[in-house]
Amino acid sequence: MAMLRGIDTAASGMLAVQRRQEALTNNLANIETPGYKKVDTTLRAFPEVFLERINDSKQSSKGNAPGFSWIGSMQQGVYAQENISSFLQGDLVTTNNPYDVAIDDQALTLSNGQKASVLFAVENAAGETRYTRNGRFTVDETGHLVTAEGCKVLNNQGKPVQIDPSLASSEVSISPKGEIILNPDKPANRKVVDTIGLVLIQNPNKLIKEGNGLFRLDGQKLAPLTDLPASVQLHHKMIEKSNVDPSMTMTNMMENVRLYEANQKVLQAYDRSLELLNSIGRV
């Protein structure tokens, strides 16, 4: 029985490492995706098992019932509990694309000391509200400000942002507060046509990752911010890079390979032991 438990322990370790490796691989594949948030896999040990010896007439100091005595404990391996997105801000880089916008909320902290996060509010093809940090926007043929996947960017009233698609890039500017300004260099004709909608997520760990840089919140819809906190601003013609650290990710992947191989060798050792037991039984 102890041998079979050892097999389960080694196998659980291999499965946990495999799941962690998949998350790391996905992080590395999205290293050039604007606004991508890396995923960290948390590993947790299974509950510890206490072992007792049967047919012992003495009661142990652990308080066991007569007939049992405590002889120790045994770990049952680990499992990948969950994948958690890290909302540390990535580097901001200049692109000079007319509708690229980057969120800078690195200094944002709530009054209780909790680290919050600000995201763009967008609307998918099904009309559902989603949230993203990818500010690489364009204007489609209908005049909607959209993401690379075609989601409509919402304004601070929760409605899709619309801009005249015939405008030249020099005629449009986006302020640090998200105001879309026409003719920014012509005071007489300067006009604010809309404001990009942003939402404040007090606990980013509640966000559910959907793919393509989108997140959702089950059971609730956040109202857009009417005024941005002083510690938050937008940067026009810039994007936020992925927050994946390539060197650390590669190091973690190599560490995973070694852990997987170690558990594999344990399984091979148990397999050889079982073969020997079977051969003894046949003799």
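Please treat every number below as a calculation from the coordinates, not as lab data. For clarity, every value in this text was computed on a predicted model and none was experimentally measured. Glycine gets a Cβ as well: all are built from the backbone with ideal geometry, and neighbour counts include every protein chain shown.
Computed from the C-beta positions of Lys191 and Lys265, the FRET efficiency with R₀ = 45 Å rounds to 0.05.
The slack in the chain from Arg272 to Thr42, taken as 0.36 nm per residue of separation less the alpha-carbon distance, amounts to 79.6 nm. Annotation: the residues Lys38, Lys115, sorted from fewest to most other C-beta atoms within 10 Å of their own C-beta, follow the order Lys115, Lys38.
The modelled label-to-label distance for the pair Ser166/Glu149, using points 7 Å beyond Cα in the direction of Cβ, is 3.3 nm. Ratio of Rg to Rh for region 89-240: 0.95 [Cα atoms; Kirkwood radius as inverse mean 1/r over pairs]. Applied to region 188-193, the Karplus parametrisation 6.51 cos²θ - 1.76 cosθ + 1.60 on θ = phi - 60° returns per-residue 3J(HN,Hα) values of 5, 10, 5, 8, 8, 9 Hz, with x for Gly and Pro.
Provide the FRET efficiency to the nearest 0.05 for the Asn96-Ala126 pair, computing r from the beta carbons and using R0 = 30 Å. Efficiency at R0 = 30 Å is approximately 0.35. To make sure I understand the rule: partners must be lysines, Cα under 24 Å from the Cα of Lys237, and not fewer than 8 residues away in the same chain. Which ones qualify? Hits, sequence-local ones excluded: Lys37, Lys38, Lys152, Lys159, Lys177, Lys186, Lys191. Listed from fewest to most Cβ neighbours within 10 Å, the set Leu119, Leu228 follows the order Leu228, Leu119.
For Leu43, the amide hydrogen comes within under 5 Å of the amide hydrogens of Gln81, counting only partners 5 or more places away or on other chains and with H modelled in the peptide plane. Under 5 Å from the amide H of Asn243 lie the amide H atoms of Tyr36, Lys38, each residue being 5 or more positions distant or on a separate chain, with H modelled from the backbone and absent for Pro and chain starts.
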